[in-house]
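**Q** Once you've had a glance at the structure underneath, I'll fire off some questions.
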Amino acid sequence: MSISVSEALRPARKPALIGVVAVVGIFVGVWINDTYFSDRTPVQPIEFSHRVHASDNEIPCQYCHIYASRSPSAGVPSVAKCMGCHTAVADARERPEVLKLAGYWDRQEPIPWVKVHDVPDFVHFTHKRHVLAGVQCQECHGPVQDMDRITRIAPMTMPWCVDCHTEREVENGRDCWTCHK
Amino acid sequence: MSKISRRDLLQYIGAGGVGTGAGYLFAEAIKRPVEFLIPPVVPPEDYSPGVATWYNTVCNQCSAGCGISVRTREGRAKKIEGNPAHPVNQGRLCARGQAGLNALYNPDRIRAPLKRVGERGDGAFETISWDEALTQVAGRLGRLKIEDRADRVQLLTGGIRGHLGELFEQFITLLGSDRYAQYDFTYPANLRLANRLSFGIEHLPYYDIANCDFLLSFGADYLGTWLSPVHFSLGYGQLRQGREQRGRCIQIEPRMSLSGANADEWIAAVPGSEGVLALGIARILVADGTYTGSDRDAWQRALEPYSGDRVAAATGVALERVQQLAAEFGSSKASLAIGGGAAAAGTNAVASLVAVNALNHLAGNLGQPGGIIFNSAPVFGSATRHAGLTQMTELAASMQDGAIEVLLLHDTNPIYAMPDAAGFADAMAAVPTIVAMSSFMDETTAMADLILPTDTYLEAWGDDAPEPGVGLPVASISQPVVARVYDTRSVGDIVLSLARRIGFELPVALPWANTKEFIKDAWKKLYTELDPQADAADFEEFWLAALQAGVWGRVEATGGPGDAPAPSTIPDIDAAAATFAGDTAEFPFILHPYLSATLFDGRGANLPWLQELPDQMTSVVYGSWIELNPATAGELGIRDGDLIEVESPAGSIRAPAYLFPAIEPGVVAMPFGQGHTAYGRYAQNRGVNPVQLVALQSDQQSGELAWAGTRVKLRNTGERARVVRNDGISRTLGRQILHPEENHA
Ligand code: SF4
């Protein structure tokens, strides 16, 4: 009089397997999205290369992001600023991406860059404080000088912020009010 | 291991596929929405993105003239605060001042010049260019000037102070007309006249609430709406908590206002009897020897009729209370009596205010700390063209007679703020050309043929010398805090460009390219006039400093607390009884309208922040309501929220009942401010306008509209209406949260 457990479970085995396959599928789906379709590296209206500017031509970050040390936002250069150099840099003028830039200038339109680094509105992040404290741009933004298309390497989440604040022993760095006011 | 059948395999693949798809979509769904970083095409010169810039300027939401600091970012105004350096409000601000942003960014602003295309009043307009609009107006005015008929041009503005008023004055005079009037519903004309009669000084003195020990207010809601509410609120705080000896406040009014609620005692005297009460107190002060002046006998004779019994009978205040008030008023070191609100808006308003002034004189507080301190006249531009009911009715008559060819309007809304019976709206129909210089399509602007949209006060240049002043010469420059939002112009610019286009001597006399230059020039003159030692070469520096500080004042100035002039009022002492329109039997209740601390006289009704701000006493938002005593309501079988028809000899309106315990049973109260038929989406068709109930009566001496002099009757329509309010219910429901004996179930 023995009862086979596996025999008893047999009718349930197939739905269970199907469920497992589906769950694995979900993870695969998330991975595919994250790997091949992530928003960490959005396509920009102009194929602007930080590598060319910051590495090859050694332009300092704050030459273009002029507000970083005096404002919450680092600031994206105005179209006029871009054109300031690109009218002078002769050999670059015929490149297709620079022609796009010139197009924006001719139409007097701003360039709609896609935001890569963002924190929610309830976070009062300020570049000024971080820059003045000597935090290097790369610590949050990654090796920008090596990137052609800009990509986000840090999660920009609260634990990530707090970890750094803790590690550096920032004064009031773990106080809610420091960022949420 | 059993073999997997083909059918099973397909099922597994299907499950995997669906799972992967779901996973992909899930990951997609939790992504943050794409945001853009839009750089400017050309970098801004005057700000850094993300960094706030503060500009100091002047509040224009009422005539107190508080100084404000406006926080701007990326060229947009974000928040208004009080300017800490300004002596009127010392960094504080009232709700109306805060809501200035709603005026600037109001979606119902007039955005371009408009020309009427349909019938007058249909609201059909077409957009035209500024050039065309100005050419038309200038052409019309110029032709009248050539034909020597420019005296048929009437300019009607709101209560404009500062040099802008002088610009209007010069413009209209140069044009060849003398017709300039200012209609401002809240202008304290009765108080000014009373002060002239009592003291010979018309400009408003400084009421030193901060330092008085005993404040007796006859209807003046000094914490909400009276003259300079922010400044007086500061004074009140000082009186209560800022010093060793806490001062006492008594409020005399038939319906409890915010100031009444904050007083030590609230006394509901019979409406219109405030002057009698003041003289009753005055008689005791003279009789008991508190007053020791040489003309004591004359005072005694003049006050003879105000014996205790008569006063008690006329005011409904018990004899002992009157005696106590007199004793306290006489014995306090610094006592101060003020009058305002409905007490200053009856048919005997001026007489009542003169009586209140007499009280101050008899207590010996004129020119004393904690009393009435006489300001030197405002540095410039005190309004002198105020038109009361008498002048406005005359104007309406001239318009009817065809004596007015062109009516130029700016920032005034008589169609809303005057009873229909005054006939202003009808008279406008008889005027061939109406031009409105306005930011909003209010009831009066909507009747115009041509509308020239103006900047709001946050976009324009101007200046102001606050009145009542603060005991020393003070003035402020008003500067734009943001670039204009729409295709508007400042009213000063409009007047100047009209002058250029009209020609003749106008461009010579008014040579300034814009309002800024005009104001700057005026200040340059002042700079050397007021301070003979000043070097004109330093003016630029002075100008920038004054702009930056938002206020200019001479702290060391003499002549502030001037000598108290001897009142010349003994023969004028006569608290004539107030008369009320409407038969007592037919209209049993006295209507007590009051200025709303939020919507004010209705000018704030288009600002959504003010609409959604609960009234301080009733907590009602948005609509209109009529306050009546629960006892009155009980007699009439009226429940809270019943729709009541309120009828006066002048008109009738409907509003829901609000049972309010702090009101005299024979009085019903309604706030001004709602009931607009135009004025944008937030104001239009919301609530009712109690001005429509006000009968056409004026003060016997000043000719001002006696808006507190009307009787009404009530009829329960049987319908229910919703009063949106925040106060829940007024009963404790047996929760034992009050003192046991007072535990109303
Ligand atoms: S009291 Fe008048 S001037 Fe002062 S902030 Fe309020 S509305 Fe503005």
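**Q** What are the residues in the range B:602-641 that are open to solvent by 10 Å² or more (accessible area, probe 1.4 Å) and of a type in the set (S, T, N, Q), if any?
**A** B:Q616, B:S619, B:S624, B:N629
**Q** Another one. Out of all the residues in the range B:182-216, which are closer than 19 Å to B:G471 by Cβ and aromatic (F, W, Y)?
**A** B:F199, B:Y206, B:Y207
**Q** Please find, within the range A:144-165, the residue that is least open to solvent (accessible area, probe 1.4 Å) out of those that are over 18 Å from A:Q44 (Cβ atoms) and under 17 Å from the mean Cα position of the chain (by Cα).
**A** A:A154
**Q** On the given criteria, is B:G23 over 30 Å from A:D118 (Cα atoms) and either within 16 Å of the ligand (Cβ to nearest atom) or not basic (K, R) (or both)?
**A** Taking the combined requirement at face value, the residue does not satisfy it.
**Q** Of (1) touching a residue at least 40 places away in the same chain (Cβ under 8 Å); (2) more than 30 Å from B:L25 (Cα to Cα), A:I46 satisfies all except one. Which?
**A** Going through the list (1) touching a residue at least 40 places away in the same chain (Cβ under 8 Å); (2) more than 30 Å from B:L25 (Cα to Cα), A:I46 breaks only (2).
Per-residue answers, yes or no, for (1) aliphatic (A, V, I, L, M); (2) farther than 14 Å from B:L104 by Cα; (3) modelled with pLDDT under 95:
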| position | (1), (2), (3) |
| --- | --- |
| B:A446 | yes, yes, no |
| B:L450 | yes, yes, no |
| B:P453 | no, no, no |
| B:T456 | no, no, no |
| B:E459 | no, no, no |
| B:A465 | yes, yes, yes |
| B:G471 | no, yes, yes |
| B:S478 | no, yes, no |
| B:V481 | yes, no, no |
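**Q** Name the residue that is nearest to A:I111 (Cα to Cα), counting only residues in the range A:59-99 that are among the charged types (D, E, K, R) and in contact with a helix residue (DSSP H, G or I) (Cβ under 9 Å, 6 or more places away or on another chain).
**A** Taking the candidates together, the pick is A:K81.
**Q** I've got another one for you. Restricting to the range A:57-88, name every residue that is β-branched (V, I, T) and facing chain B (nearest Cβ under 10 Å). Steps first, answer last, please.
**A** The initial filter retains those residues of the range A:57-88 that are β-branched (V, I, T), namely A:59, A:66, A:76, A:79, A:87.
A:I66, A:V76, A:V79 - these are the residues of the range A:57-88 that are β-branched (V, I, T) and facing chain B (nearest Cβ under 10 Å).
**Q** Considering the range B:1-12 alone, what residues qualify as being exposed (fewer than 12 other Cβ atoms within 10 Å of the Cβ) and either facing chain A (nearest Cβ under 8 Å) or not basic (K, R) (or both)?
**A** B:M1, B:S2, B:S5, B:L9, B:L10
**Q** Taking the options B:S352, B:S376, B:S398, name whichever one is outside any helix (DSSP H, G or I) and among the hydroxyl-bearing types (S, T, Y).
**A** Of B:S352, B:S376, B:S398, the one residue that is outside any helix (DSSP H, G or I) and among the hydroxyl-bearing types (S, T, Y) is B:S376.
**Q** Here is a list of conditions, (1) surrounded by fewer than 21 Cβ atoms within 10 Å (Cβ to Cβ); (2) in a helix (DSSP H, G or I), and B:T384 meets all of them except one; can you say which number that is?
**A** (2)
**Q** Could you go through the range B:242-257 and let me know if any residue there is within 16 Å of the ligand (Cβ to nearest atom), away from chain A (no Cβ under 14 Å) and either in a helix (DSSP H, G or I) or open to solvent by less than 30 Å² (accessible area, probe 1.4 Å) (or both).
**A** The first filter runs over the range B:242-257 and keeps only residues within 16 Å of the ligand (Cβ to nearest atom), leaving B:257.
Then drop every residue that is not away from chain A (no Cβ under 14 Å), which leaves B:257.
This time we only want the ones that are either in a helix (DSSP H, G or I) or open to solvent by less than 30 Å² (accessible area, probe 1.4 Å) (or both), so: B:257.
The answer is yes, given that some residue of the range B:242-257 is within 16 Å of the ligand (Cβ to nearest atom), away from chain A (no Cβ under 14 Å) and either in a helix (DSSP H, G or I) or open to solvent by less than 30 Å² (accessible area, probe 1.4 Å) (or both).
**Q** Additional query: Considering only the range B:141-148, I want to know if a residue exists there that is under 20 Å from B:P480 (Cβ atoms) and at pLDDT 95 or above.
**A** Checked the range B:141-148: no residue is under 20 Å from B:P480 (Cβ atoms) and at pLDDT 95 or above.
**Q** Tell me which residues, restricted to the range B:289-313, are open to solvent by 10 Å² or more (accessible area, probe 1.4 Å), in contact (Cβ under 8 Å) with a residue 60 or more places away in the chain and part of a helix (DSSP H, G or I).
**A** B:A298, B:A302
**Q** In the range B:91-100, which residues are more than 8 Å from the ligand (Cβ to nearest atom) and either modelled with pLDDT under 95 or open to solvent by less than 10 Å² (accessible area, probe 1.4 Å) (or both)?
**A** Scanning the range B:91-100 gives a single hit, B:A99.
**Q** Condition first: within 34 Å of the chain's Cα centre (by Cα) and either among the aliphatic types (A, V, I, L, M) or within 16 Å of the ligand (Cβ to nearest atom) (or both). Now tell me which residues in the range B:35-54 satisfy that.
**A** B:V51, B:A52
**Q** From (1) open to solvent by 20 Å² or more (accessible area, probe 1.4 Å); (2) part of a loop (DSSP other than H, G, I, E, B), pick out the condition that doesn't hold for B:R500.
**A** (2)
**Q** Could I ask something else about it? Among the residues of the range B:13-50, how many are at the interface with chain A (Cβ under 8 Å from one of its Cβ atoms), among the β-branched types (V, I, T) and surrounded by fewer than 15 Cβ atoms within 10 Å (Cβ to Cβ)? Full working, then the answer.
**A** Of all residues in the range B:13-50, those at the interface with chain A (Cβ under 8 Å from one of its Cβ atoms) come to B:15-28, B:31-32, B:34-43, B:48-50.
Remaining after also requiring among the β-branched types (V, I, T): B:18, B:20, B:34, B:38, B:41-42.
Imposing the further condition that a residue be surrounded by fewer than 15 Cβ atoms within 10 Å (Cβ to Cβ) reduces the set to B:34, B:38, B:42.
Looking only at that region, the number is 3.
**Q** If we keep just the residues of the range A:25-44 that are under 30 Å from A:K100 (Cβ atoms) and at the interface with chain B (Cβ under 8 Å from one of its Cβ atoms), which is surrounded by the most Cβ atoms within 10 Å (Cβ to Cβ)?
**A** So in the range A:25-44, the residues under 30 Å from A:K100 (Cβ atoms) come out as A:33-44.
Narrowing the set further to residues that are at the interface with chain B (Cβ under 8 Å from one of its Cβ atoms) leaves A:33-34, A:37, A:39, A:42.
Numbers: A:N33: 21, A:D34: 15, A:F37: 11, A:D39: 16, A:P42: 15.
The qualifying residue surrounded by the most Cβ atoms within 10 Å (Cβ to Cβ) is A:N33.
**Q** For the range B:648-660, does any single residue satisfy the condition of being of a type in the set (D, E, K, R) and either out of contact with any Asp or Glu (no Cβ under 9 Å at 6 or more places or on another chain) or within 30 Å of B:Q300 (Cα to Cα) (or both)?
**A** Scanning the range B:648-660 turns up no residue that is of a type in the set (D, E, K, R) and either out of contact with any Asp or Glu (no Cβ under 9 Å at 6 or more places or on another chain) or within 30 Å of B:Q300 (Cα to Cα) (or both).
**Q** Output the number of residues of the range B:314-323 satisfying the condition of being surrounded by 14 or more Cβ atoms within 10 Å (Cβ to Cβ) and in a helix (DSSP H, G or I). I'd like the intermediate steps shown before the answer.
**A** Pass one, the range B:314-323, residues surrounded by 14 or more Cβ atoms within 10 Å (Cβ to Cβ): B:314-317, B:319, B:321-323.
Subsequent filtering for residues that are in a helix (DSSP H, G or I) retains B:314-315, B:319, B:321-323.
Matching residues across the range B:314-323 total 6.
**Q** Also, I was wondering about something else. Would you confirm, using the coordinates I've provided, whether B:I68 is within 11 Å of the ligand (Cβ to nearest atom), of a type outside the set (K, R) and touching a Cys at 6+ places or on another chain (Cβ under 7 Å)?
**A** yes
**Q** Would you check which residues across the range B:127-143 are open to solvent by 60 Å² or more (accessible area, probe 1.4 Å) and either basic (K, R) or at positive phi (or both) and list them?
**A** Answer for the range B:127-143, where residues must be open to solvent by 60 Å² or more (accessible area, probe 1.4 Å) and either basic (K, R) or at positive phi (or both): just B:R143.
**Q** In this structure, is B:L407 aliphatic (A, V, I, L, M), buried (at least 24 other Cβ atoms within 10 Å of the Cβ) and closer than 30 Å to B:W523 by Cα? Quick ask: steps written out before the conclusion?
**A** Values: aliphatic (A, V, I, L, M): yes; buried (at least 24 other Cβ atoms within 10 Å of the Cβ): yes; closer than 30 Å to B:W523 by Cα: no.
Here the answer is no, as B:L407 does not meet what is asked.
**Q** Suppose we keep only residues that are open to solvent by 40 Å² or more (accessible area, probe 1.4 Å) and not acidic (D, E) within the range B:108-126. Which one would you say is farthest from the ligand (Cβ to nearest atom)?
**A** B:V117
**Q** Next question, about the same structure. Could you say which residue among A:A22, A:A54, A:A12 is more than 10 Å from chain B (Cβ to nearest Cβ) and either without any contact (Cβ under 8 Å) to a residue 24 or more places away in the chain or of a type in the set (V, I, T) (or both)? Don't jump to the end; show me each part of the working.
**A** On the way: A:A22 fails: more than 10 Å from chain B (Cβ to nearest Cβ); A:A54 fails: either without any contact (Cβ under 8 Å) to a residue 24 or more places away in the chain or of a type in the set (V, I, T) (or both).
That would be A:A12, the only listed residue that is more than 10 Å from chain B (Cβ to nearest Cβ) and either without any contact (Cβ under 8 Å) to a residue 24 or more places away in the chain or of a type in the set (V, I, T) (or both).
The values are calculated or read from the model by the stated rules, or taken from the named source; none is laboratory data. Being a predicted model, the structure only gives us computed values, none of them experimental. Backbone-built Cβ (ideal geometry, glycine too); neighbour counts: all protein chains shown. For accessibility, only protein heavy atoms count, side chains too; no ligands or nucleic acids. Shrake-Rupley method; radii C 1.70, N 1.55, O 1.52, S 1.80 Å.
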